[in-house]
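Peer 1: Sharing a structure with you now.
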Amino acid sequence: MVRAYRSAGWSVDVLHARHENESQPDDETMALLHEYVPLTLRKLRPRDHLSPLPPLARLVQSHVPVLNASRSYDAAQAESSAIWPALADVPARAKILVLHDDDTRRYLRIARQVRDPRRKSVRLAAALKYRRFQPQAIREADRVWCVSAAELERLGGTSGKFVLVPNGATADFFDVPVGTSDGRRIVTFVGPATYDANRRAVDHFVRDIWPLVRERVRDAELRLVGKGWEETAHPTTAVSDRGWVEDLPAEVGQSDVVVAPLLDGGGTKIKVIEAMAAARPVVATSVAVEGIPASSGLRVAGDAGGFAKDVARFLSDSNLAREAGQANRSAVAGLEWSEIWRRAIADIERLTSSGRPDAVRSGRSC
């Protein structure tokens, strides 16, 4: 996003509301910014849940005086509804709300996975708060970007205020060679363990699905890519922690199949699009493929046995895996980031209407 805006000749400030264990953008991105304002959010306290606002939005709102802009902007952009309070006092000609998912639906899904009654009630309460808060943010925004057609329809995208700006993959993923050549049977999951939905997904996969895969393909190896998987990795079960990798397209390119066993969450899963762009077969749950273009190389499994069977088939049949990967790349051919951002920038120019904006302020939450 920052690179796209700078390539268009704009100056960019980023307001980053982040948790204590979340790092700042990489050095290359930081060098592109006019200003970077990190706001480390404290851990939620019981009283935060008493607010009528969703807890994260409540924390962001408490920092609003810190976020007041020292200059006016042509466009101010919030990367989630929770970060929207940060834009309240930012002087801007146009304010854009980016909805990567429907927060109400996401929290309801999370609540269904939680067994502890008190934690479940907290998640249900958050869902109800987003049901009230999200429409308010939509009303206040000048433009609402949705990342998939499904979210666009679900959130009321018949209004001219809504625009489809889908998630995508960089050109590097589309350049990954089709198929693998070293003969190893590698299954890859991509995503940090710091995101609860990822941890629940991997716990489920390692416990319920991976043993079934290994019964069919004895030399299969599971690689967990992203920060925080040290405790999950175990050599005796052929599960390895790859950690943070500098060249993600190359890492995905070493896999025979990519898995997305997500049980909850919302929005379009970028890692699924990236795996498809890298011409890799993907096996996923129905939650993980929401908003993703249909493809014969994208298998949706409803139970552990079916999931394991699909993974094992791709591991055992290189021709099938190659054909599936090619089908996936074709399915997402229109989702290359440079083209997506070309259209998004044109939308901002239409929205501001009095010429090309020269400053964008981006609000980003963790």
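Peer 1: Over the Cα atoms of the chain, what is the Rg over Rh ratio if Rh follows Kirkwood? Intermediate results must be reported in sequence, preceding the final value.
Peer 2: Details: Rg = 20.9 Å, Rh = 21.6 Å.
Rg/Rh for the chain comes to 0.97.
Peer 1: Can you give me the distance in nm between label points at E231 and T40, each placed 7 Å from the Cα along the Cα-to-Cβ direction?
Peer 2: In this crude spin-label approximation the distance works out to 2.2 nm.
Peer 1: Given the pairs K129/K161; K120/K309; K43/K227; K161/K269; K129/K271; K129/K227, which span a C-alpha to C-alpha distance of over 27 angstrom in this model? Walk me through the numbers before you get to the answer.
Peer 2: Numbers: K129/K161 23 Å; K120/K309 32 Å; K43/K227 20 Å; K161/K269 24 Å; K129/K271 29 Å; K129/K227 31 Å.
Violating the 27 Å Cα-Cα cut-off are K120/K309; K129/K271; K129/K227.
Peer 1: How about region 1-101: which chymotrypsin sites (Phe, Trp or Tyr not before Pro) there lie in a loop by DSSP and see at most 11 other Cβ atoms within 10 Å? It would help to have the intermediate numbers written out before the result.
Peer 2: Numbers: sites: Y5, W10, Y36, Y73; in loops: W10.
Answer in residue order: no site qualifies.
Peer 1: Arrange H100, H19 by Cβ neighbour counts within 10 Å, fewest through most, would you?
Peer 2: On the way: H100 20, H19 14.
Least crowded to most crowded, the residues run H19, H100.
Peer 1: What residues qualify as long-range amide H neighbours of V257, i.e. H under 5 Å apart, gap of 5 or more or another chain, H built at 1.01 Å from N?
Peer 2: I186, T188
Peer 1: Still on this structure, I have one more. Provide V239, V187 in ascending order of the number of other Cβ atoms located within 10 Å of each residue's Cβ, fewest first. Mind dumping the intermediate values first?
Peer 2: On the way: V239 20, V187 26.
With the sparsest Cβ surroundings first, the list reads V239, V187.
Peer 1: Please name whichever of L152, Q136, G168 sits farthest to the positive end of the charge dipole of region 101-183, dipole taken about the Cα centre and charges placed at Cβ: Lys and Arg +1, Asp and Glu -1.
Peer 2: Q136
Peer 1: Would you mind checking which residues have amide H under 5 Å from R18's amide H? H placed 1.01 Å from N; only 5 or more apart, or other chain.
Peer 2: L39, T40, L41
Peer 1: Over the alpha carbons of region 14-127, what is the largest minus smallest coordinate on each principal axis, giving the biggest first in Å?
Peer 2: For region 14-127, the Cα spread along each principal axis is 46, 30, 25 Å.
Peer 1: Please report, in whole Å, how far the alpha carbons of region 195-306 spread along each principal axis, starting with the longest.
Peer 2: Projected onto its principal axes, the Cα set of region 195-306 covers 37, 34, 26 Å.
Peer 1: Now for a separate question. Would you please name the trypsin sites (Lys or Arg not before Pro) within region 51-134 that are DSSP coil residues with at most 16 other C-beta atoms within 10 Å of their C-beta?
Peer 2: Details: sites: R58, R71, R93, K95, R105, R106, R109, R112, R115, R118, R119, K120, R123, K129, R131, R132; in loops: R71, R115.
Those satisfying the criteria are R71, R115.
Peer 1: Give me the aspartates and glutamates in straight-line cross-link reach of K95: C-alpha distance below 18 Å, same-chain residues under 8 apart excluded.
Peer 2: K95 reaches D13, D74, E79, E140, D142, D347, E349, D358.
Peer 1: Taking R0 as 45 Å, what's the FRET efficiency between S72 and R216 from their Cβ-Cβ distance, rounded to 0.05? Walk me through the intermediate numbers first.
Peer 2: Working: r = 61 Å, r/R0 = 1.35.
In this case the efficiency is close to 0.15.
Peer 1: Sticking with this structure for a sec: Mean separation of Cα pairs under 8 Å and 6+ residues apart, divided by the residue count of region 171-331: what relative contact order is that in percent?
Peer 2: On the way: 325 pairs, mean separation 44.3, N = 161.
Once normalised by length, the contact order is 28 percent.
Peer 1: Let me ask another. What angle do you read, to the nearest 10 degrees and between 0 and 90, between the alpha-carbon axis of helix 318-331 and the longest principal axis of the chain?
Peer 2: It is inclined by approximately 20 degrees.
Peer 1: What do you get for GluC sites (Glu not before Pro) in region 1-81 restricted to DSSP loop and a cutoff of at most 16 other Cβ within 10 Å of the site's Cβ? Intermediate values should be presented prior to the final figure.
Peer 2: Numbers: sites: E20, E22, E28, E35, E79; in loops: E20, E22, E79.
For GluC sites (Glu not before Pro) across region 1-81 that sit outside H, G, I, E and B with at most 16 neighbouring Cβ atoms in 10 Å, the list reads E20, E22.
Peer 1: Give me the percent relative contact order of the chain, please, defined on Cα pairs under 8 angstrom at least 6 residues apart.
Peer 2: Numbers: 721 pairs, mean separation 78.9, N = 366.
Relative contact order comes out at 22 percent.
Peer 1: If amide hydrogens are placed 1.01 Å from N in the peptide plane, which non-local residues have theirs closer than 5 Å to the one on F162?
Peer 2: Answer set, sorted by chain and number: V144.
Throughout, read-outs are computed from the coordinates displayed, never taken from laboratory work. Just so you know, these numbers come straight off a predicted model, no measurement behind them. Because the Cβ atoms are built from the backbone with ideal geometry, glycine has one as well, and the counts that use them run over all protein chains shown.
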